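First up is the structure itself, then whatever we jot down about it.
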Amino acid sequence: MQDNLSYASGSHAFKFGFDIRRNQLAQLFKPTTRGRLQYSSLNRFVNDVAQSSTINKDLQGVAEVLHLDWHDFFFYGQDEWKVRPNFTLTYGLRYENPGQPIADLVDFNAPVLAAAGNDPRFRVGPIPERDKNNLQPRIGFNWNIRSGTDGISGFLTGGDKLVLRGGYSRTNDYAFTNIALNIWSAFPFVAAFISPTAPITLLGESAASNGVVSAFANLNSPPINPDAFARTVVSEDFHAPTYDSFSFEAQREFSRDVVLRVGYVGSKGNGLFQTLDGNPRLPFSTVRVNPAQNVIRLRANSGSSTYHSMQVSFDKRLSRGFSAGLYYTWSSFIDDASEIFNPSSGEVAVSQDSFDRRADRARSTYDRPHRFSGNVVYELPYFQDQRGFLGHVLGGWQINSFFTFQSGAPFTVLNGSDPTGALSGIAGLVGDAIRPNVITSLDISGMSIEDLYALRNTLFRPLRGAAFGERVG
């Protein structure tokens, strides 16, 4: 349900509105319920010698289908104030109160309570509260500078052909349902096990005849190695990330149909979604911070980003059958968490060192320093005034062209395996791989992938102990 109201009074134009949404989702999302075996080589696969195994089994009392039901509330107010005939100030405030679908996962029934109990291996953490502080201020201006046509000021402004614009806004991003589904597909809703050896014998006497795991009544008969148990959780203060965006632009009209724009656009992201190892291994040790538990995939708000760009556009409006637009962006995009899951380009999604997350700060997976695009439309002048059959067939034709040239994606060198075992079970990288150490003083940022591979033994050293490699951008 939504509605908007506009009201004009003197030099002010007010706008108010609201948007209320009810979201419902019924989802069956339980991967690996039949188990999975992983092989490190073709020879091991042929001989059925698995390297590790994974299985997720339902707990008794947990529904097979997940039903989520939550409400979102959005409100805004805005004023467009014409301070002077050539100067307009726009300001407003938006408030967003999104629902928290993760809260719907709470159902402390008997199986969950029995599974958690006082056993440190299976403690159930708190569910984050509804995010209620998403205030989003916006302010912007539009100034049409007017001056005489003489001198330097006249050359720059063209009398009244120069317009300056600028603004600032804050926006929020919200947790998508896949995060809730990840939590639902792990303890305390599913018994998720990762074993460094194969196969897994699931809970011995605790497994019911129908294959559904009981409430861990016989947890210690036989005992469960903590290294075989994994879960996915969200941080206690899980909330919406914030983005502060700011811009400044100068627009110059050179003729009635030719306009040039040069501007700066930037943004700062805070509290971005990121997956962390919530129970990392201690340096120079195989023991985790909490030795009673294994892998904890922690969805948290630990990421940050900065974006700066110069944007230039040249537009030739349609006249005399010809129009064109040329656009160039020169930018820098830096972050320490490009994705909460695996980026499509094969970059690192999980912080390799949970004790030093700043070591992951480098070029973003989505950084494209240069982008040049354009379009051209040309109306063929032939047979435009021709009537009859020839006019319909040969007249009115156009030639159109669109093009884009841009920088490629950053490339990060991966070791191809995880000899340290630091990220065992976290499933945060493409495959089972971490970054090697850089052992050269050469600037390798401009090297091609072929050169990096050819010189790999002189540029990098694989990690052998509990250390962490640099992120190369």
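The values are calculated or read from the model by the stated rules, or taken from the named source; none is laboratory data. Please read these numbers as outputs of a predicted model, since none were measured by experiment. Quick reminder, even Gly has a Cβ in these numbers, built from the backbone with ideal geometry, and neighbours come from all protein chains shown.
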### Query
Of all residues in segment 341-355 being at pLDDT 75 or above and surrounded by 22 or more Cβ atoms within 10 Å (Cβ to Cβ), which is farthest from Val233 (Cα to Cα)?
Gln352
### Query
Can Phe229 be described as on the phi > 0 side of the Ramachandran plot, modelled with pLDDT under 75 and aromatic (Phe, Trp, Tyr)?
no
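Within segment 25-42, identify whether any single residue is closer than 30 Å to Met1 by Cβ and at pLDDT 75 or above, and answer yes or no.
Residues of segment 25-42 closer than 30 Å to Met1 by Cβ: 25-29.
Now restrict to residues that are at pLDDT 75 or above: 25-26.
Looking for residues that are closer than 30 Å to Met1 by Cβ and at pLDDT 75 or above, one finds at least one in segment 25-42, hence yes.
Return yes when Asp237 is at pLDDT 80 or above, surrounded by fewer than 19 Cβ atoms within 10 Å (Cβ to Cβ) and over 30 Å from Gln311 (Cα atoms) and no when it is not.
Working: at pLDDT 80 or above: yes; surrounded by fewer than 19 Cβ atoms within 10 Å (Cβ to Cβ): yes; over 30 Å from Gln311 (Cα atoms): yes.
Yes; evaluated as a whole, the condition is true for this residue.
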### Query
In the list Leu463, Leu414, Leu459, which residue meets the criterion of being within 30 Å of Arg281 (Cβ to Cβ), surrounded by 13 or more Cβ atoms within 10 Å (Cβ to Cβ), at pLDDT below 85 and over 29 Å from the mean Cα position of the chain (by Cα)?
Leu459
### Task
Kindly indicate the residue of segment 119-140 that is at pLDDT 95 or above and surrounded by fewer than 16 Cβ atoms within 10 Å (Cβ to Cβ) and also nearest to Trp70 (Cα to Cα) among those meeting that condition.
Leu135
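Give segment 279-294 a look and list any residue that's at pLDDT 75 or above and either aliphatic (A, V, I, L, M) or closer than 14 Å to Asp353 by Cα (or both), or say none.
First, the residues of segment 279-294 that are at pLDDT 75 or above: 279-282, 287-291.
Correct list: Asn279, Pro280, Arg281, Leu282, Val287, Arg288, Val289.
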## Note on the structure
With the first residue restricted to segment 129-151 and required to be within 27 Å of Tyr168 (Cβ to Cβ), and the second required to be at pLDDT 80 or above and in a loop (DSSP other than H, G, I, E, B), Cβ contacts under 6 Å at 6 or more apart or on different chains are Asp131/His239; Asp131/Ala240; Asn134/Ala240; Asn144/Asn86; Arg146/Asn86; Arg146/Asp160
## Note on the structure
Going through segment 264-309 in order, the residues found to be surrounded by fewer than 19 Cβ atoms within 10 Å (Cβ to Cβ) and not in a strand (DSSP E or B) are Leu282, Pro283, Phe284, Ser285, Thr286, Val287, Val289, Asn290, Pro291, Ala292
#### Entry: Neighbours by Cβ (under 6 Å, 6+ apart or cross-chain): first from segment 303-329, within 14 Å of Phe246 (Cα to Cα); second among the aliphatic types (A, V, I, L, M) and in a strand (DSSP E or B)
Thr306/Ile334; Ser309/Val265; Gln311/Val265
### Query
Got a sec? Which of Ser214, Ser255, Ser206 is at pLDDT 85 or above and more than 32 Å from the chain's Cα centre (by Cα)?
Ser255
### Message
I need the full set of residues from segment 85-97 which are at pLDDT 95 or above, more than 21 Å from Gly17 (Cα to Cα) and not polar (S, T, N, Q), in order please.
### Response
Phe87
#### Entry: The listed residue being among the aromatic types (Phe, Trp, Tyr), outside any loop (DSSP other than H, G, I, E, B) and either surrounded by 14 or more Cβ atoms within 10 Å (Cβ to Cβ) or at pLDDT 75 or above (or both), out of Phe155, Phe187
Phe155
### Query
Is there a residue in segment 101-110 that is under 25 Å from Gly166 (Cα atoms) and either within 24 Å of the chain's Cα centre (by Cα) or at pLDDT below 70 (or both)?
no
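Looking at segment 436-448 only, could you name the residues that are among the aliphatic types (A, V, I, L, M) and either more than 22 Å from Gln352 (Cα to Cα) or in contact with a Ser or Thr (Cβ under 6 Å, 6 or more places away or on another chain) (or both)? Walk me through it before giving the result.
Initially, segment 436-448 is screened for residues among the aliphatic types (A, V, I, L, M), giving 438-439, 442, 444, 447.
Within segment 436-448, Leu442, Met447 qualify.
Could you tell me whether any residue of segment 358-365 is among the basic types (Lys, Arg), farther than 30 Å from Arg252 by Cβ and part of a strand (DSSP E or B)? Spell out how you get there, then give the answer.
Restricting attention to segment 358-365, the residues satisfying the condition of being among the basic types (Lys, Arg) are 358, 361, 363.
Retained after the next criterion (residues that are farther than 30 Å from Arg252 by Cβ): 358, 361, 363.
From what's left, part of a strand (DSSP E or B): 363.
Checked segment 358-365: at least one residue is among the basic types (Lys, Arg), farther than 30 Å from Arg252 by Cβ and part of a strand (DSSP E or B).
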